[in-house]
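Everything on this sheet refers to the single structure shown next.
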Amino acid sequence: MLTILRKELADYFTSIRCFVLFLLVLAASFVAIYAAYHGIREASIDPGPVFIKLFTIEEDLPSLTVLIALLVPIIGVALGFDAINGERSSGTLNRILSQPVYRDSVINGKFLAGIVTMAIMIGAIILIVGGYGLRMIGVPPGAEEIIRIFIYFISAVIYGAFWMGLAILFSVLFRSLAVSLLFPMAIWILFGIPASIFNPYISFFVPAVSDSIGVQLMIARISPYFLFEEATTVLLIPVWRGYGLLTSTTTGSMLPNPLSMDQSLLIVWPQLTALLAITAICFAISYIVFMRQEIRST
Amino acid sequence: MGKKIIVKTEDLTKDYDGVTVVDHLNLQVAENEVFGLLGPNGAGKTTTILMLLGLTEPASGTAQIYGFDSTRQPLKVKRLAGYLPEKVGFYDTLTAKENLRFIAELNNIGRAESEPLIEEVLKSVGLGEVADKTVNKFSRGMKQRLGIADVLVKKPKVAFLDEPTAGLDPEGINQIIDLIANLPKMGTTVVFSSHRLYEVQQVCHSIGILSKGKMVIQGALDELGRDALAEGRFRIEVETAEPSPQLIGVIKKIKGVSKVEAKGNVLHITTDADLRAEISKAVVQSGVALTQVKIEEFSLDDIYMKYFHEAD
């Protein structure tokens with residue numbers, strides 16, 4: 001499996017596809033730095049640690065977290081959509097499977113190589129923004145901020161792994177590259193639409209929905225995009241206390257001081273678990289289908 | 001005979017969506033021979049090969065290579081067997097050498113051993129000079145030869161080549177055929193499928209003819225040829241300067257000769273055994289100038305057509 005992992009990584013790093021993705025990553029980093037540069041002065045007046053705000057400030061331009069939430073699915077899909085059917089149509093799949101390797105090491109190797117590539121890309125964005133930000137504001141991050149950023153990094157990689165897993169699943173299911181690219185993209189766009197757009201339709205059929213924010217939230221949380229957004233907000237904005245059933249009276253009586261690390265984690269734990277679970281489900285289905293699939297190309 | 005059987009199937013059966021593709025197939029291939037798997041498109045050749053390699057699970061029956069069950073011990077089988085798929089493909093952006101290196105690594109062949117091996121194998125298929133070119137610049141024939149190199153890198157005991165000459169020009173076909181013919185000398189048994197009878201006849205020691213997933217006939221090529229041509233007997237052609245009825249009389253008296261026909265200067269003699277020595281001796285002794293004596297050649301077409309029509 002290590003051989004396959006190494007070869008896939010070498011493939012990714014030398015491919016034009018990855019070059020374009022890295023350019024995208026660079027562009028996103030600079031946009032985020034620009035946004036942070038213009039917004040940090042006002043934001044630093046608010047309570048809470050300063051350094052971590054670099055990642056969440058929106059000033060005319062989208063913040064880094066918004067950009068990552070947008071970019072990561074594209075990267076994931078781009079890395080995974082031709083994983084299996086690309087090999088199949090180029091005729092290399094049966095050649096590799098006739099070598100003395102377990103069939104699962106092919107799909108495992110590809111999945112791992114994708115995760116490593118994505119980790120490098122996301123890590124690069126965070127480090128670029130963090131590094132320039134540090135030069136800009138001159139306030140070093142505290143230990144807790146570093147841990148928060150690290151957990152954010154991990155969850156971004158998991159989020160990307162979900163999209164890659166989804167793309168790999170379609171590349172196992174469909175022989176055509178176009179189909180396996182379109183399906184995950186369609187799902188991405190569908191989930192990218194704010195859930196509130198659907199609420200009128202849903203409440204038309206299930207009237208109870210419009211009355212209950214809880215039910216609306218539940219529906220919104222089907223979307224991995226929403227889950228990731230929630231996780232990001234809690235992790236990177238320490239004053240954030242939770243979701244949903246907070247009325248203006250309760251928020252008004254809350255102290256605007258940051259939550260401790262473990263409290264934030266506690267709030268966001270279900271979101272992280274759910275992200276991990278849907279990733280695992282995607283991968284498991286593609287794994288099982290691939291293991292049982294007929295190998296012949298005709 | 002007494003040759004070791006290394007590839008064996010017993011009642012091998014496979015169906016796709018209720019259509020039986022391979023039907024209780026019994027196949028035997030002896031060590032160090034070239035075995036030709038013949039049959040029209042859709043006869044089940046590829047499926048049989050895939051099952052032998054453990055890439056597809058049979059519905060029933062077993063496939064064995066060197067005594068290892070292809071379904072239960074696929075890794076052991078894949079270590080011994082090389083496979084050249086019908087539509088062979090390589091990583092286009094890698095060079096020929098890199099493609100082979102990847103395969104060597106998958107076979108756990110260390111760098112120290114694999115580098116000279118790759119050079120040698122590429123040279124043997126005539127790709128030594130383009131070893132460092134990327135594969136997307138290769139022609140169809142070069143890719144096919146690289147495919148053979150790819151099989152040879154793992155030094156297989158048995159190589160399965162699926163339609164290795166499909167889509168090649170005559171020169172390309174000859175190159176592949178030459179390569180295949182040399183493999184048994186290097187200790188590799190070859191099983192290859194094709195529907196070009198001429199090339200099969202050139203290199204194969206044994207053949208099996210498949211039709212609708214069933215084995216119609218299998219055996220040594222020369223025996224089958226005699227079977228088709230003269231119901232198991234030999235046909236000997238004798239060309240003389242001037243065949244006389246007297247000479248025909250002499251030949252007819254040789255033990256084992258059953259029939260003599262004269263066509264111009266050529267006598268067609270049907271015999272029970274290879275009697276070339278006795279016949280030429282008789283001709284020379286009768287004082288007639290002998291031009292040539294040979295066993296009449298059969299073409300695989302004869303065999304194919306005979307058994308194929310029987311199957312229908």
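A few points about this structure:
- Among the residues of region B:60-104, the ones that are under 16 Å from B:Val121 (Cα atoms) and in contact (Cβ under 8 Å) with a residue 60 or more places away in the chain come to 3 in all.
- Any chance A:Ala32 is crowded, with 17+ Cβ neighbours inside 10 Å, among the small types (Gly, Ala, Ser) and over 20 Å from the mean Cα position of the chain (by Cα): no
- Any hit, region B:15-36, residues being among the acidic types (Asp, Glu), crowded, with 18+ Cβ neighbours inside 10 Å, within 19 Å of A:Gly91 (Cα to Cα) and in contact with a strand residue (DSSP E or B) (Cβ under 7 Å, 6 or more places away or on another chain): no
- Residues (within 14 Å of another protein chain (Cβ to nearest Cβ) and surrounded by fewer than 16 Cβ atoms within 10 Å (Cβ to Cβ)) located in region A:12-23: A:Phe13, A:Thr14, A:Ser15, A:Ile16, A:Arg17, A:Phe19
- Residue match in region B:4-20 (condition: more than 10 Å from chain A (Cβ to nearest Cβ), in contact (Cβ under 8 Å) with a residue 60 or more places away in the chain, hydrophobic (A, V, I, L, M, F, W, C) and assigned to a helix (DSSP H, G or I)): no
- Residues (modelled with pLDDT under 85 and surrounded by 17 or more Cβ atoms within 10 Å (Cβ to Cβ)) located in region B:197-210: B:Leu197, B:Glu199, B:Val200, B:Gln201, B:Gln202
- For B:Ser114: the one exception among (1) within 14 Å of chain A (Cβ to nearest Cβ); (2) surrounded by 16 or more Cβ atoms within 10 Å (Cβ to Cβ); (3) more than 19 Å from A:Gln99 (Cβ to Cβ); (4) of a type outside the set (A, V, I, L, M): (3)
- Index of the failed condition, B:Val135 passing every other in (1) of a type in the set (A, V, I, L, M); (2) away from chain A (no Cβ under 14 Å); (3) in contact (Cβ under 8 Å) with a residue 12 or more places away in the chain: (2)
- Taking the listed residues B:Thr188, B:Thr165, the one that is crowded, with 19+ Cβ neighbours inside 10 Å, among the polar types (S, T, N, Q) and more than 13 Å from B:Gly36 (Cα to Cα) is B:Thr188, with no other qualifying.
- Screening A:Val101 on (1) in a helix (DSSP H, G or I); (2) closer than 23 Å to A:Leu173 by Cα shows it passes everything except condition (1).
- Selected residue (only one of A:Phe183, A:Phe153 is under 17 Å from A:Thr65 (Cα atoms) and of a type outside the set (A, V, I, L, M)): A:Phe153
- In the set (1) within 14 Å of chain B (Cβ to nearest Cβ); (2) buried (at least 19 other Cβ atoms within 10 Å of the Cβ); (3) within 27 Å of A:Pro184 (Cβ to Cβ), A:Ser98 fails one condition alone, (3).
- On inspection, A:Ile154 does not qualify as outside any helix (DSSP H, G or I) and either within 15 Å of the chain's Cα centre (by Cα) or modelled with pLDDT of 90 or more (or both).
- Residue within region A:111-122 that is within 14 Å of another protein chain (Cβ to nearest Cβ) and either of a type in the set (Ser, Thr, Tyr) or crowded, with 17+ Cβ neighbours inside 10 Å (or both) present: yes
- Selection status of A:Val72, within 14 Å of another protein chain (Cβ to nearest Cβ), modelled with pLDDT of 90 or more and in a helix (DSSP H, G or I): no
- Within region B:54-69, the residues that satisfy the criterion of being within 12 Å of chain A (Cβ to nearest Cβ) and either on the phi > 0 side of the Ramachandran plot or modelled with pLDDT under 90 (or both) are B:Gly54, B:Leu55, B:Thr56, B:Glu57.
- Residue match in region A:81-88 (condition: surrounded by fewer than 23 Cβ atoms within 10 Å (Cβ to Cβ), away from chain B (no Cβ under 14 Å), over 16 Å from A:Phe153 (Cβ atoms) and at pLDDT 90 or above): no
- Taken together, A:Leu26, A:Leu9, A:Leu54 contain a single residue that is within 14 Å of another protein chain (Cβ to nearest Cβ) and either among the charged types (D, E, K, R) or touching a residue at least 40 places away in the same chain (Cβ under 8 Å) (or both), which is A:Leu9.
- Here the condition is being of a type in the set (Val, Ile, Thr), within 22 Å of A:Trp163 (Cα to Cα) and more than 14 Å from chain B (Cβ to nearest Cβ); of A:Ile107, A:Ile40, it holds for A:Ile107 alone.
- Test result for B:Lys78, more than 12 Å from chain A (Cβ to nearest Cβ) and either of a type in the set (D, E, K, R) or at negative phi (or both): no
For every residue, the table says whether it meets (1) modelled with pLDDT of 80 or more; (2) within 25 Å of the chain's Cα centre (by Cα); (3) surrounded by 14 or more Cβ atoms within 10 Å (Cβ to Cβ); (4) not aliphatic (A, V, I, L, M).
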| position | (1), (2), (3), (4) |
| --- | --- |
| A:Pro207 | no, no, no, yes |
| A:Phe226 | yes, yes, yes, yes |
| A:Ile267 | yes, yes, yes, no |
| A:Leu276 | yes, yes, yes, no |
| A:Tyr287 | yes, yes, yes, yes |
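- Hits in region B:188-199 - residues which are touching a helix residue (DSSP H, G or I) at 6+ places or on another chain (Cβ under 6 Å) and among the hydrophobic types (A, V, I, L, M, F, W, C): B:Val190, B:Leu197
- Within region B:85-100, the set of residues being facing another protein chain (nearest Cβ under 8 Å), buried (at least 24 other Cβ atoms within 10 Å of the Cβ) and closer than 21 Å to B:Ser114 by Cα comprises B:Phe90 only.
- Residue check, B:Val151 surrounded by 18 or more Cβ atoms within 10 Å (Cβ to Cβ) and in contact with a strand residue (DSSP E or B) (Cβ under 6 Å, 6 or more places away or on another chain): yes
The values are calculated or read from the model by the stated rules, or taken from the named source; none is laboratory data. Bear in mind that the values here come from a model prediction, so they are computed numbers and not experimental data. Neighbour counts are summed over all protein chains in view; Cβ atoms, including those assigned to glycine, are modelled from backbone coordinates with ideal geometry.
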